[in-house]
Structure formats: C-alpha cells, structure tokens
Amino acid sequence: MVVPDNSNIVIFGASGDLTFRKLMPALYHLYASKQLPDCFFILGVSRSKYSDEQYRQKLVQSLGKGDRVDDSVLNQFIQHIYYVSIDTSSMPAYAELKSRLDALYTQYDTPHNTLFYLATPPSLFEVIPQCLAAHQLNNEAQGWKRIVLEKPIGYDLQSALDLDKSLHQFFDEQQIYRIDHYLGKETVQNLLVFRFANGMFEPLWTRNYIDYIEITGAEALGVEGRGGYYDGSGALRDMLQNHLLQVLAMMAMEPPVEINADSIRNEVAKVLKSLQPLSAEDVKNEVVLGQYTESEIQDELFLAYRNEAGVKADSRTETYIGMRLFINNWRWNGVPFYIRTGKRLPTRITEVVIHFHKTPHPVFGVDAPANKLVIRIQPDEGIVTNFVLKKPGAGFETKEVSMDFKYQYLESEEGEDKLLSAYERLLLDALNGDATLFARTDAVLSCWKFVQPILDYKHQSGSLYGYASGTWGPTQADELLAKDGRTWRRPCENLTNTNCTEL
C-alpha cells in the first residue's frame, strides 16, 4: 500500500459509536503499521462537550481494550488527535471549525489536504457539505478536499436523487467517497483477481455453463438494541440495496480495461444498469419478505422482532428478503440470480455460490450432483469447489468430493501486520484518492431504481411472512427456488423445526 502524502482527517460524529468502534481503531492500526503520513492531524467534531485531553483519554480507554494495541504507540497516536464541539446543523458554528482547522494547519505546517468523514446520521448528509462550502472549507486552492459518506445514501430513489443533487452543488463527483465496508473486504476484492487472473475459470463464467447463482448475506444476531434505527430501514435498505447488489456487480462484471477506479467502476455501473426492472407482478412473484418471530433454541428464548426494544408492536419492517432477479446482458441473459439476506438466521455467513449446469449425458447416474463453486466472503474466508469422482472398488459408483482454499493460509504467509481490515483499507484509499472500492453516483442510483418497486410493494402492505428465529427464513423463499427445480445451499441446518405463516 502507498503511504499517503501529508494530509488530515476531520471526523463528524466523533463521539459516536462508529468512530470509537471502527474508525479510530482503523486509524490507530494504520499509524502503528506506519501507513499514515509523517505529518497529519485528526480533528473530531461533535456536539458532545470535550476538551482535547478529555477526548484523548476517552479514546485511550476505548482503544486500550482492543487487541494489537501497544501503549507507547497509542500514546504517540493520540497526540495527533484534537476535538472541537459545535452544533453541526448550525451554519454559523462552522466559523469555529474553520478557525480551529487554520490553527492546526499552521501548527503542523501541513498542506490543507483534508478528508471529511461523515460518521453522522444521514439527516446531516445534506447539511454538513453545505455548511463546509459556506465557509470555503471545500476549496481546493491550498490542498485537496474529499468527503466520505456512510450508508444509507438516501432512503429511496427520490431521496437519493435529492441527496445527489445537493452534494454536487458543493463537491465534485471526484471529491465524494461513498463508503461500503463490504467492498473493503479482501474476499470481495479477490472476486476480480479470481475471475480475471485464472484462465480456467473466466471461460466458464457465462450462461453457457452456469445454471444459477446464489448470494447469501446471513446474520445470526437480531437488531441488538438498534430496533429504533432498523425499524425505519429493514433488510432491503440495510443489506440488499448496497452491500449485496455491489457484491453481485463485482461477481458479474466484465473485465475492466485497466485496474483503476474509472475502469472498474464503469463495469460495475454497467451491471447495475442491466438489472432487469421489476414490475409490480414481478415483485409479487419473485420477492419474499419475512420477519423473525419468537423461537426457543437450546433452551434459550429469542424474542420476536416486534417485541424488540424500539420496534413498533405492529411493525411490518422486513428482517428477511429473498428474491430472484436477472441481468439483461449477453453474458448473463436467462441466468437467475437468487439473493437472500436476513437476521436471526442459523449462522453468520456471506457467500456467493456458482451452480454449474449438470453434464448433458448422465452416464454415471441422473442424481449425480452438478458442480458448484462456493466463494466465502465471511467468516472463515475461502473458496470451495466440488466435483464427482469414482468410489474405490468395483464398478463406477460415484462420490462428491471437494477442494478448498482458505485465506488464512495467505495470512500466515503475508504476516498479520500486512493485512488490512475493511475500514483500514478504505480509509487509506480515500487518503490516497483511490475511489476504486467506493460507490459512484450512477451505480448508487441504479441500485435505488432497481429496488424502488419493492419499496412501493412494502408501502402498499405487500405480503410479509413470519419465520422462526434460527431458521433459514420463510418457507416461501424455498418455494421461490423449488418452482424452478432448485434449492438454496444451506451451510448448516435450521436450529429449530418451527416455522410461521403470513403476518
């Protein structure tokens, strides 16, 4: 990785959970591995009242609980951290922020290269850029200015369009970095290398050889105290619209002309623009929405979603979505993509499964399984492929066997310090001005355009099915594949035999 030029970071929402749980640990590890510039400062911005020293001590208490933390390195790191308390929704308050930044630029004798990270509620995504621009803090005369936004980028197509229009009034597209931590995962990035660096796989990566593809993003946890937020979001906005459609695009894209941001993001955008639009009838027949219900697993009672703190008693927010979709282009025409994501499923797993066509001549039995390739994104990251061999002994009785590779093998070769977490990689890329793994505006809007019919269906009180906590979702999701003679891959079995009906 390239060490960035001297530059600085301003974190809005500096007293929030995301900053303490993800951003500061990532920045500390970059500092400890000497991947931050020689001259830099980090300025935290939030409404909470802290002095510089109070904020530093809070960070020490938080970071000191983590692994791989050296006390002497931590003490050096926090000397680069400062804090200012302002009302981030008040434009006049940014005069104080500008004054503090000017003082720090002078103190560090550093270029005005500045990364503004919005670790804030989405309601501030339009406010903060406008306030920065009003005080000339977006001006690049003395150094570059970039702004990083966390998801969600809008709540639906219209709000995403409105946000896009607002952002571009104050920042150019090349200054805007829309972060998706899924794209920072090594295994997602390796989808490109695996496909395009191996001559034995890319020729098979078409409708001629592939029967169907699954993408699963499963979580064993429920809403974990975030019921108020999640009830306004749901699985569709929280996982499908961003994470899983981005994974789909990386898996289905054409080879980029070059390995750079523009070439790769051009191919990602082409895939997302090629998603077959969903009619109202398609949504009704090809999409299954579910919500987890109460269940007892190994003598432990798990609450129904509607009984979680912060969730409305009559909530119709989906905690599960399963669907079939198609990509209208030459490579993928006619190949169904099945996507599912949900909470309170039997295990935590994100994976892509490529199901190849069965052999056209079943000389070794009609029940011989088709070959499949499993790309595990998390946890236990790796790649597994299965094929059929002859059992030892007389005759030609067959057996399915597998070959597997785990990324932990590379970790032992490369060394722990060389492997970056998703946030470490993305922060470093943003500081270096590499937008390859950040979503471009046309890709984001294409995702919203695709999912908008599902949102409309939800708002019109479309069918919502219950599924017991610890199962793989509503039985209707299994029927979605069964009508095509296909099944979901199940990495593990249901934890309970109960299931539910329509809510």
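The values are calculated or read from the model by the stated rules, or taken from the named source; none is laboratory data. These numbers were taken from a predicted model, which means no experiment stands behind them. With ideal geometry, Cβ positions are generated from the backbone for all residues, glycine too; neighbour counts draw on all protein chains shown. Quick note on the areas: whole protein, heavy atoms, side chains included, nothing else; ligands and nucleic acids left out. Shrake-Rupley method; radii C 1.70, N 1.55, O 1.52, S 1.80 Å.
Numbers at a glance
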quantity: Diffusion coefficient, µm² s⁻¹, Stokes-Einstein with Kirkwood Rh over alpha-carbon pairs of the stretch 1-67 at 20 °C and 1.002 mPa s; calculated: 169 µm²/s
quantity: Percent accessible area from carbon and sulfur atoms, the stretch 74-172, protein chains only, probe 1.4 Å; calculated: 48 percent
quantity: Listed pairs Lys22/Lys151; Lys34/Lys406; Lys58/Lys185; Lys343/Lys458; Lys391/Lys483; Lys358/Lys399 exceeding 25 Å between Cα atoms; calculated: Lys34/Lys406; Lys58/Lys185; Lys391/Lys483
quantity: Contour excess over end-to-end distance, with Cα ends at Asn198 and Asp380 and 0.36 nm allotted per residue; calculated: 63.3 nm
quantity: From the C-alpha gyration tensor of the stretch 268-417, square roots of 5λ in Å; calculated: 34, 25, 20
quantity: Alpha-carbon Debye profile of the chain, log10 I(q)/I(0) at 0.11 Å⁻¹; calculated: -1.03
quantity: Linear extension gain, Lys399 paired with Asp109, 0.36 nm per residue minus alpha-carbon span; calculated: 97.6 nm
quantity: Over 20 Å [Cα-Cα, the stretch 123-196], rounded percent; calculated: 43 percent
quantity: Test item: Cα-centred dipole of the chain, Lys/Arg +1 and Asp/Glu -1 on Cβ, debye; calculated: 600 debye
quantity: ³J(HN,Hα), Karplus 6.51/-1.76/1.60, whole Hz, each residue of the stretch 307-318, x for Gly, Pro; calculated: 9, 6, 4, x, 9, 5, 5, 10, 4, 10, 6, 7
quantity: Antiparallel DSSP beta bridges within the chain, percent to nearest 5; calculated: 60 percent
quantity: Cβ-Cβ FRET estimate between Ala134 and Ser48, R0 fixed at 30 Å, reported to 0.05; calculated: 0.80
quantity: Rounded if a/c under 1.5, otherwise prolate or oblate - the stretch 52-136, Cα gyration tensor axes; calculated: prolate
quantity: Share of carbon and sulfur in the accessible heavy-atom surface of the stretch 264-342 [1.4 Å probe, %]; calculated: 47 percent
quantity: Cβ-based net charge around Ile81, under 14 Å, with every Lys or Arg adding one and every Asp or Glu removing one; calculated: +1
quantity: Estimated FRET transfer efficiency (Gln408, Ser263; beta-carbon r; R0 35 Å; 0.05); calculated: 0.70
quantity: Global form of the stretch 172-223, assessed from the alpha-carbon gyration tensor, a/c cut-off 1.5; calculated: oblate
quantity: Per residue accessible area of the stretch 256-383, 1.4 Å probe, in Å²; calculated: 47 Å²
quantity: Extension gain from Leu301 to Val2, taking 0.36 nm per residue of separation minus the Cα-Cα distance; calculated: 102.7 nm
quantity: Modelled FRET efficiency - R0 30 Å, Asp38 with Asp17, Cβ distances, 0.05 increments; calculated: 0.50
quantity: Under 10 Å, Cβ to Cβ, from Gly154 - net charge with Lys/Arg +1 and Asp/Glu -1; calculated: -1
